[in-house]
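The values are calculated or read from the model by the stated rules, or taken from the named source; none is laboratory data. This structure is a prediction, so every number in the text was calculated from the model and none was measured. A quick note on method: Cβ atoms are made from the backbone with ideal geometry, for glycine too, and the neighbour counts reach across all protein chains shown. These accessible areas exclude ligands, DNA and RNA; they are computed on the full protein's heavy atoms, side chains included. Shrake-Rupley method; radii C 1.70, N 1.55, O 1.52, S 1.80 Å.
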Amino acid sequence: MTHSGNLVAVRDVRAVSEPLANGTSWPPGESFLERGADMTQQAEPGSIPGAKSAAASSESAASAGAGAEADGTSGGDAGAVQGASAASPAGPSAESAASGPSAGPEASGTPADAPEAAPAGTPGNPPSGRERPAREVAHPDGFGAAFCASMATLCAEFVIAATAGVLVLLAREHDGLPTAPLAAAAVGLGALLLTVLLSGFITAAAVMPALALARRAARRAGREGDGRAWTAGAVPVVAAAAVAVFGVVAALGSLSPARPLSYLVWWASLTAGLLPPALAARAAARRIRAGRAGSVARRVTRDGAVAWLAVGAVGAAVYGTGLVDVYKPPKLHKSDIAGVWTDGRNGSVTLEKGGRAVAKGLDNFDWDGMGKPRSRDCDGSGSWSPLKDGGKIVGVSVQIDACELRKNWSVIGTAKEPKLFHEIGKQGSGKRYELTKVVKKN
């Protein structure tokens, strides 16, 4: 080995050991030996200050040593001593060039034009033994997208059905809708919140189990994926299970099962309602697993909003043109209230003009121990008085002391066929006891 090689090796060792002495670390993916090898290759004569003089002295020492070697052993020793004395002035210069403040980028082992080291785990710089790359999931299962798509579809169904129901209710006999802006806004917000909660519950309890059943059935049949036919076939099964569960709970609560036709109607309605959200959820999940862009939930929301606006526009056109009239309770006077009112089942009450009331076989409802309404025949006399709201008669209060009957009856029907009714049970139960006025025919 020549003396120039020794000087370069000493400089490289110091340059390599400097980061370790300063407490710094090597770039990721580069070992100690690789760093020293790179700096040895970069340290060519003339690349650092003072290297040219060291190289010249080394060359002269090498030539002198070669001549002495040809003369013998003593000549070789003299040449070695002469070469060492010639190289000694250049040693400090090279050492200071390697470790001094004026050393260039090459002296520190990092070339000026070399790019920064890539982070660990990239294709160009594999991770070390202690670092592991994060596992990247290429295609999620799409559960969240399916859940959102199902909820969006159910919300769209509820909103459209509720709007259509309100439009139909406007033309039929009803107690009246809230007309105050605050009351209408409160009702609307409450209905919207209930719709979101109910759609989430139905999605978790019926739609997602239907998708799981479809995938399992397709897998057992040896078919890849879950086609629309499998999803459409799983929905009626889940609907039947839901009707059976809730039917049993309702029968246990009331101690009497419903009619078989009622269960069939509920099953058909639930199947028709669950089929669109199940298909939308399946499409959303498949889109996510396939890595395709787009959101089924956004598309369903957009199309549902368009359908809702279309239903509202049709309703507004029907009522605005007078094709269908909005129902209004008849305007009755006290003289119109007086007369005989019957329930059509041999029960009646006579309201006299003087305010006296006479009941014959009138149903008087109370509650049994199981929470079901129970009627008793009411016979006797009492009194009645009109109920007014803003100067308008909206109902009748009837009191029969003999059978403890105290009821407020609301006015519905038409001017030609007025009716009185009161709800059976709790308010909003939908059960009514109606009386129709007997009109004498001339």
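On a 20 Å Cα-Cα criterion, which of the cross-link pairs LYS328/LYS419; LYS334/LYS416; LYS388/LYS419; LYS360/LYS416 come out too long?
Among LYS328/LYS419; LYS334/LYS416; LYS388/LYS419; LYS360/LYS416, the Cα-Cα distance tops 20 Å for LYS360/LYS416.
Given a 1.4 Å probe, how much area per residue of segment 273-335 is accessible, in Å²?
61
Taking loop as defined by DSSP and a crowding limit of 11 other beta carbons within 10 Å, which trypsin sites (Lys or Arg not before Pro) in segment 140-220 fit?
Hits after loop and neighbour filter: ARG172.
DSSP loop trypsin sites (Lys or Arg not before Pro) in segment 239-299 with at most 13 other Cβ atoms within 10 Å of their Cβ, which ones?
ARG292
What is the extension gain from SER397 to LEU261, computed as 0.36 nm multiplied by their sequence separation minus the C-alpha to C-alpha distance, in nm to one decimal?
Taking SER397 through LEU261 to full extension adds about 45.1 nm, to one decimal.
Is segment 310-352 best put as rounded, prolate or oblate by its Cα gyration tensor, with a ≥ b ≥ c the root eigenvalues, rounded for a/c under 1.5, and otherwise prolate when a/b is larger than b/c, oblate when not?
prolate
With every protein chain kept in the model, how would you rank SER150, SER348, SER269 by accessible area, 1.4 Å probe, largest at the top?
Listed by decreasing accessible area, they come as SER269, SER348, SER150.
What is segment 260-325 by shape, rounded, prolate or oblate, if you read a ≥ b ≥ c off the alpha carbon gyration tensor as root eigenvalues and call it rounded for a/c under 1.5, prolate for a/b larger than b/c, and oblate otherwise?
oblate
Describe numerically, in nm with one decimal, the distance between label points set 7 Å from Cα along Cα→Cβ at ALA415 and at LEU192.
Those two pseudo-labels are separated by 4.0 nm.
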